[in-house]
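Below is one structure, written out as structure tokens, with a few remarks after it.
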Amino acid sequence: MAKTTLKSLAQALNMSVSTVSKALNDSYEISEVTKRTVQEFAKKHNYQPNVHAKFLKTGKTNTIGVVLPKMTGSFEAQIIAGMQKAATAHHYRTIIMNTMENEELEKLALQSMLDKSVDGILFCPIHEESNIDLAKQILKTTPVVIFDRTHYPIETHKVGVLNAEGMYNACKHLIDIDRRKIAIFCGAHQGITTKRLSGYIEAHHDFQIPVTPEYIVHCNVKSLVDLQDDLEKHVKSLLQLPEPPNAIVGVADTITTHLLGILAKLDIKVPETLAVIGFANTDLVLSLNPSLSTIRQPTTEIGEISVHKLVEIMQKKNRSQIEWEDIKLPTSIQLRRSTIG
């Protein structure tokens, strides 16, 4: 089957190439009836615009690049769904690249987005220093919005959650049920760790509970095998302390959900021996044994708002007049059997 082109559409519709092009691009010069006729015919015949030709003509590709550190769980899937919904509403396509928590792959992904001539980039950095010089250089020519891991020192819109507040509320819940010996499992070299750890420390100070340094552990999250090995090692070490913890909070989805599996493997009862709560957006929380208490993030909204803010930048002729926003959405706590039995 021959590829549908602008020229073949024009011939089939008995219109000029210029008229068809303007109709597809929603030009004010074309009537609504003609636009609808052309767009429906193009859709029926699977017309795909020539992105490179459009770029040469307009300097735009109507493409948004998304660079994020992992794509292994519901959290990322929900954010991407929000982004794609908003991007489609703005007539943009998305290109998504997973850096797998690897700074070199992150560098290649950012460079690849420039090679593809994307109109803007939605970027979730691995941590607060990863490829910062490259990101600043890109920002000079290409709009960038930071999402999720927003503790990143460049001047642009940022969209995330109240990380410290979410962790504070999780610790408060544990303290309220008389679980005051709280360990925190963090991801090593993750951009979300710093703020969430600050919420943990603040809760301890406010409730006059000394922070036990041994209770603060960092896990290798670069691969699932490394993570599971670290989780098991840390749990065993913590339970051998003279004063072992009686609760654990997880800083990230993968840590929180896999922790339950490790505790089951070690035959440690939850919540009797260790109560567990943490950041997690998995839809399987009720299927876990026990069901998992979670700090849930508004992922769809993060994705949608990130796109809206990026489009706002791309449509501004004078970007120096933009007042950058650091948007922080509230989290919510959902209590289940892993803490309340």
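Just checking, does the range 83-90 include any residue being in contact with a Leu (Cβ under 7 Å, 6 or more places away or on another chain), more than 19 Å from residue 189 (Cα to Cα), not small (Gly, Ala, Ser) and not assigned by the TED database to the domain that holds residue 281?
yes
Just wondering, is there one or more residues in the range 242-255 that are assigned to a helix (DSSP H, G or I), among the aliphatic types (A, V, I, L, M) and either outside the structural domain of residue 84 (by the TED database) or closer than 23 Å to residue 145 by Cβ (or both)?
Yes, that holds for at least one residue.
Across the range 260-310, what is the number of residues that are outside any loop (DSSP other than H, G, I, E, B) and either open to solvent by 50 Å² or more (accessible area, probe 1.4 Å) or polar (S, T, N, Q) (or both)?
Total satisfying the criteria: 12.
Taking interchain pairs and intrachain pairs at least six residues apart, which have beta carbon atoms under 7 angstrom, with the first residue in the range 149-174 and aromatic (Phe, Trp, Tyr) and the second in a helix (DSSP H, G or I) and open to solvent by 10 Å² or more (accessible area, probe 1.4 Å)?
What qualifies is 168/202.
Anything in the range 166-212 that is small (Gly, Ala, Ser), surrounded by 17 or more Cβ atoms within 10 Å (Cβ to Cβ) and modelled with pLDDT of 95 or more? List them, or say none.
The answer is 166, 170, 183, 199, 203.
For the range 137-165, name all the residues that are over 28 Å from residue 109 (Cα atoms) and open to solvent by less than 50 Å² (accessible area, probe 1.4 Å).
164 - this is the single residue of the range 137-165 that is over 28 Å from residue 109 (Cα atoms) and open to solvent by less than 50 Å² (accessible area, probe 1.4 Å).
Which of (1) open to solvent by less than 20 Å² (accessible area, probe 1.4 Å); (2) under 23 Å from residue 298 (Cβ atoms); (3) of a type in the set (Val, Ile, Thr); (4) out of contact with any Ser or Thr (no Cβ under 8 Å at 6 or more places or on another chain) does residue 66 not meet, given it meets every other one?
The failed condition is (4).
Please work out which one of (1) in contact with a Leu (Cβ under 7 Å, 6 or more places away or on another chain); (2) over 19 Å from residue 303 (Cα atoms) is the condition residue 172 fails and give its number.
Only one criterion is unmet by residue 172, namely (1).
Any idea which of (1) open to solvent by 10 Å² or more (accessible area, probe 1.4 Å); (2) under 24 Å from residue 319 (Cβ atoms) is the one residue 110 doesn't satisfy?
(1)
Got at least one residue in the range 118-136 being surrounded by fewer than 16 Cβ atoms within 10 Å (Cβ to Cβ) and either touching a Gly at 6+ places or on another chain (Cβ under 8 Å) or closer than 30 Å to residue 285 by Cα (or both)?
No, the conditions are met nowhere in the range 118-136.
Among the residues of the range 108-130 satisfying the criterion of being of a type in the set (D, E, K, R) and assigned to a loop (DSSP other than H, G, I, E, B), which is nearest to the chain's Cα centre (by Cα)?
128
I need every pair where a residue in the range 314-327 that is surrounded by 10 or more Cβ atoms within 10 Å (Cβ to Cβ) has its Cβ under 9 Å from the Cβ of a residue that is modelled with pLDDT under 80, sequence separation at least 6 or different chains.
Short answer, once both residue conditions are applied: 314/60.
Does residue 191 satisfy the criteria of being within 13 Å of residue 251 (Cα to Cα) and in a loop (DSSP other than H, G, I, E, B)?
yes
Can you name the residue in the range 82-107 that is part of a helix (DSSP H, G or I) and farther than 18 Å from residue 301 by Cα and is also most open to solvent (accessible area, probe 1.4 Å) among such residues?
Going through the qualifying residues, I end up with 104.
Among the residues of the range 219-235, are any surrounded by 14 or more Cβ atoms within 10 Å (Cβ to Cβ) and either of a type in the set (Ser, Thr, Tyr) or over 27 Å from residue 73 (Cα atoms) (or both)?
No, the conditions are met nowhere in the range 219-235.
The values are calculated or read from the model by the stated rules, or taken from the named source; none is laboratory data. Values in this document were obtained by computation on a predicted structure and should not be read as measured data. For neighbour counting, all protein chains shown are included, and Cβ atoms are generated from backbone atoms with ideal geometry for every residue, glycine included. Ligands, DNA and RNA are stripped out before the accessible areas are found, and what is left, the full protein with its side chains, is counted by its heavy atoms. Shrake-Rupley method; radii C 1.70, N 1.55, O 1.52, S 1.80 Å.
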